[in-house]
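Report on one structure; see the data block that follows.
Quick note: the coordinates plus some simple rules give every number you see, no bench work behind them. Nothing here was measured: the structure is a model prediction, and the numbers come from that model. When we count neighbours, we look across all protein chains shown, and the Cβ atoms used for this are built from the backbone with ideal geometry, even at glycine.
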Amino acid sequence: AQSVTQLDSHVSVSEGTPVLLRCNYSSSYSPSLFWYVQHPNKGLQLLLKYTSAATLVKGINGFEAEFKKSETSFHLTKPSAHMSDAAEYFCVVSSNSGYSTLTFGKGTMLLVSP
Amino acid sequence: GAVVSQHPSWVICKSGTSVKIECRSLDFQATTMFWYRQFPKQSLMLMATSNEGSKATYEQGVEKDKFLINHASLTLSTLTVTSAHPEDSSFYICSARRDSTTYGYTFGSGTRLTVV
């Protein structure tokens, strides 16, 4: 069994300040973890993924996330927010046991103010 | 590479009619495609897993006679919402798995269905 908990439903930041979106997971197997971004009425775009290689993962648009097994966390960060980062972000887990399905967190809405 | 095209991007239909949504993998073969439903301000819920040449596997609580899925080729899966009602109004998103690794997923851009 696997599950994902996104700890904040909404996060508000000012443009130019750091972003932290929190995610905790549970998985019976060695997990793969992803962060996806969704703009209004759009599909999902992959930001980054962890698949048992380096624990610090760098993604697109300046985002990165660190896999911490001891804390079962995979928080998403960005040093400096842009207005264009305002969107919904989903943390997703999948086990590495072959053809596993994705389990989505409930999402975190990132609001960026000028 | 790895592009998934979903069509239409939005559709409005009358109650009682059927609507077909297409999901195509444009530059790869997808033996498995997934259909999700997303309610406003909520996460994605997996509806069914579609395997090429076989019957789809539906998640618990999803009516297979209501949501017909056909995966006739390695690049096309369709979701037909039959006898649509206003409560079927939602955002539907497909995803295609392009290889045997867990992380080879690509999502379509979604379809906004409104039933009036």
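In this structure the amide hydrogen of A:S32, modeled in the peptide plane, comes within under 5 Å of the amide hydrogens of A:S94, A:S95, A:N96, none closer than 5 places in sequence on its chain. Stokes-Einstein diffusion of the protein assembly as shown at 10 °C, 1.306 mPa s viscosity, Kirkwood radius from Cα pairs, rounded to a whole number: 87 µm²/s.
Charged neighbours of B:S89, selected by a Cβ distance under 13 Å, balance to +1 (K, R count +1; D, E count -1). Overall shape of region A:2-113 was characterised from the C-alpha gyration tensor. The equivalent ellipsoid obtained from it has semi-axes of 23, 14, 12 Å, in decreasing order. Listed by chain and number, the lysines whose alpha-carbon sits under 30 Å from that of A:K78, ignoring those within fewer than 8 places in the same chain, are A:K42, A:K49, A:K58, A:K68, A:K69, A:K106, B:K41. Shown in residue order for region B:28-35 are the 3J(HN,Hα) couplings computed by the Karplus curve 6.51 cos²θ - 1.76 cosθ + 1.60 at θ = phi - 60°: 7, 9, 10, 6, 10, 10, 10, 10 Hz (x for Gly and Pro). Annotation: cysteines of the protein assembly as shown without a disulfide-compatible partner (Cβ-Cβ under 4.7 angstrom) are B:C13. Taking amide H as placed 1.01 Å from N in the peptide plane, A:A87 has its amide H under 5 Å from the amide H of A:L110, each at least 5 places away in sequence or on another chain.
Taking the convex hull of the alpha carbon positions in chain B and averaging its projected area over all directions gives 6.8 nm².
So which GluC sites (Glu not before Pro) in region A:1-96 are both in a DSSP loop and have at most 16 other Cβ atoms within 10 Å of their Cβ?
On the way: sites: A:E15, A:E64, A:E66, A:E71, A:E88; in loops: A:E15, A:E71.
In loop regions of region A:1-96 (DSSP not H, G, I, E or B), the sparsely surrounded GluC sites (Glu not before Pro) are A:E15, A:E71.
Which aspartates and glutamates, on any chain, are close to B:K55 with Cα under 17 Å apart, when same-chain ones fewer than 8 places away are left out? Hits, sequence-local ones excluded: B:E22, B:E63, B:D65.
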